[in-house]
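Have a look at the structure below before the remarks.
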């Protein structure tokens, strides 16, 4: 049990990568607060964790709303007595299309969910981390923030902001024993946003195009990302901060 007695929040974990992270961390002994805006999906993940013998509860919150993020953090502390790790997984992308075609509303939504959420989690979680003698942020960014490609320009920029912000926070918060790291997954066709990333339905032509750019010859899975999160959340990574782990089959080489 690599995470025994650890209190962990995973945002946007009603499905996809977030669900995979929640289930993997709970399987290693963590008490997980599953967060999503969709209560039915989030409760289903909690039920699956409980069925597997893990400990989890659900908290509905919009990660772009300060009061709701504050309530989410406070709920984790109230339920578990502390907060050890916050996994900022919630994310969104605009449709794969020319930069000039992306609406202002879609731009704002992309930056609110992908970047403002990091600001809000920092503002509200850091005081509890300090009170606990330290803590860990794990921010799910993307290979798009490292090796951007046309069609997702504003999304790419938002993930680049997550990466740079995480490194800056790692330097600033290190003296308080607060670690900040990123995980950069490559494309995963099983996520709810795969069609938006690809610019259309997941037919074999589109899948083959994406797959051909990954040297290991396959897409990332939720478990791949969850295993990286497990390491960063564990005491094995006690001296790891300010890094980005590319879970990408050498896509960014």
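Details
- Residues that are touching a strand residue (DSSP E or B) at 6+ places or on another chain (Cβ under 9 Å), over 15 Å from residue 139 (Cβ atoms) and in contact (Cβ under 8 Å) with a residue 12 or more places away in the chain within the range 64-94 comprise 71, 72, 73, 75, 76, 77, 79, 80, 81, 82, 83, 84, listed in sequence order.
- Flag for residue 22 being more than 12 Å from residue 125 (Cβ to Cβ), touching a helix residue (DSSP H, G or I) at 6+ places or on another chain (Cβ under 9 Å), at pLDDT 95 or above and surrounded by fewer than 23 Cβ atoms within 10 Å (Cβ to Cβ): no
- Flag for residue 164 being outside any loop (DSSP other than H, G, I, E, B), without any contact (Cβ under 8 Å) to a residue 12 or more places away in the chain and closer than 30 Å to residue 127 by Cβ: yes
Residue by residue, here is whether (1) closer than 25 Å to residue 82 by Cα; (2) surrounded by fewer than 17 Cβ atoms within 10 Å (Cβ to Cβ); (3) without any contact (Cβ under 8 Å) to a residue 12 or more places away in the chain holds:
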position: 98; (1), (2), (3): no, yes, no
position: 111; (1), (2), (3): no, no, no
position: 139; (1), (2), (3): yes, no, no
position: 148; (1), (2), (3): no, yes, no
position: 153; (1), (2), (3): no, no, no
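- All of (1) under 23 Å from residue 74 (Cα atoms); (2) in a helix (DSSP H, G or I); (3) touching a helix residue (DSSP H, G or I) at 6+ places or on another chain (Cβ under 6 Å) hold for residue 139 with one exception: (2).
- Test: residue in the range 142-158 that is part of a helix (DSSP H, G or I), at pLDDT 95 or above, touching a strand residue (DSSP E or B) at 6+ places or on another chain (Cβ under 7 Å) and within 24 Å of residue 13 (Cβ to Cβ): yes
- Note on the range 201-229: among residues that are touching a residue at least 40 places away in the same chain (Cβ under 8 Å) and crowded, with 21+ Cβ neighbours inside 10 Å, the one that is nearest to residue 142 (Cα to Cα) is 225.
- Contact map, the range 42-58: first residue on the phi > 0 side of the Ramachandran plot and at pLDDT 95 or above, second residue surrounded by 16 or more Cβ atoms within 10 Å (Cβ to Cβ) and not in a loop (DSSP other than H, G, I, E, B), Cβ cut-off under 9 Å, separation 6 or more or different chains; pairs are 53/26; 53/27.
- Number of positions in the range 156-189 that are within 9 Å of residue 242 (Cα to Cα) and surrounded by 20 or more Cβ atoms within 10 Å (Cβ to Cβ): 6
- Residues that are in contact with a strand residue (DSSP E or B) (Cβ under 9 Å, 6 or more places away or on another chain) and in a loop (DSSP other than H, G, I, E, B) were ranked within the range 222-250; the one that is farthest from residue 134 (Cα to Cα) is 248.
- Test: residue in the range 123-132 that is closer than 16 Å to residue 240 by Cβ, in contact with a strand residue (DSSP E or B) (Cβ under 8 Å, 6 or more places away or on another chain) and surrounded by fewer than 20 Cβ atoms within 10 Å (Cβ to Cβ): no
The values are calculated or read from the model by the stated rules, or taken from the named source; none is laboratory data. All values derive from a computational prediction rather than experimental measurement. Counting neighbours? That spans all protein chains shown, and the Cβs are built from the backbone with ideal geometry, glycine included.
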